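Novice: Sharing a structure with you now.
The values are calculated or read from the model by the stated rules, or taken from the named source; none is laboratory data. Note that this is a predicted model, so its numbers are computed, not measured. Neighbour counts run over all protein chains shown; Cβ positions are idealised from the backbone, glycine included. Surface areas here come from the heavy atoms of the whole protein model, side chains and all, with no ligands, DNA or RNA. Shrake-Rupley method; radii C 1.70, N 1.55, O 1.52, S 1.80 Å.
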Amino acid sequence: TNVGELVGAGIPVVTMADFSQWLVKTTDLTELNVAYVNVGDSTEVSFDAIPGKTIHGIVADVAMMAGMASGDVVYEVTIVLDEAADLPLRWGMTAVVDIES
């Protein structure tokens, strides 16, 4: 988009982000496992792009409604990461989550 350009309804023109706290959202927790995950559970999160680093987190939300991924019924789980300011994190990075339920 350029200065002065008209934008149609529903077209995003700005993306705002708060990098003071990082969230990880799962996309593959199946119905077989979601019953054992609760808000407040501890997690360990590692990133494929940052080998050797693990960050502690806490489960902040467990979706009540399912989605579908690769033919499986899956639930989104949101994890709030502890201090990760020194890591070169970026949106969309692949994370491996270990939930200690």
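Novice: So how many residues does the range 5-59 have that are under 15 Å from LEU89 (Cβ atoms), hydrophobic (A, V, I, L, M, F, W, C) and assigned to a strand (DSSP E or B)?
Specialist: Total satisfying the criteria: 6.
Novice: Scan (1) on the phi < 0 side of the Ramachandran plot; (2) under 13 Å from the mean Cα position of the chain (by Cα) for the single condition GLY92 breaks and write down its number.
Specialist: Evaluating GLY92 over (1) on the phi < 0 side of the Ramachandran plot; (2) under 13 Å from the mean Cα position of the chain (by Cα) leaves (1) as the failure.
Novice: Looking for something within 13 Å of the chain's Cα centre (by Cα), surrounded by fewer than 11 Cβ atoms within 10 Å (Cβ to Cβ) and of a type in the set (Gly, Ala, Ser) - is there at least one such residue anywhere in the range 60-82?
Specialist: Scanning the range 60-82, I find no residue that is within 13 Å of the chain's Cα centre (by Cα), surrounded by fewer than 11 Cβ atoms within 10 Å (Cβ to Cβ) and of a type in the set (Gly, Ala, Ser), so the answer is no.
Novice: Name, by its number, the condition in (1) in contact (Cβ under 8 Å) with a residue 24 or more places away in the chain; (2) on the phi > 0 side of the Ramachandran plot that does not hold for GLY40.
Specialist: (1)
Novice: Filter the range 28-58 down to the residues that are among the hydrophobic types (A, V, I, L, M, F, W, C), open to solvent by less than 40 Å² (accessible area, probe 1.4 Å) and touching a Ser or Thr at 6+ places or on another chain (Cβ under 9 Å) and list them by number.
Specialist: Across the range 28-58, the qualifying residues are VAL37, VAL45, PHE47, ILE55.
Novice: Still on this structure, I have one more. Just to be sure I understand, how many residues within the range 60-99 are part of a strand (DSSP E or B) and over 18 Å from PHE19 (Cβ atoms)?
Specialist: 14
Novice: Looking at the range 1-33 only, could you name the residues that are of a type in the set (Gly, Ala, Ser) and at pLDDT 80 or above?
Specialist: Selection gives GLY4, GLY8, ALA9, GLY10.
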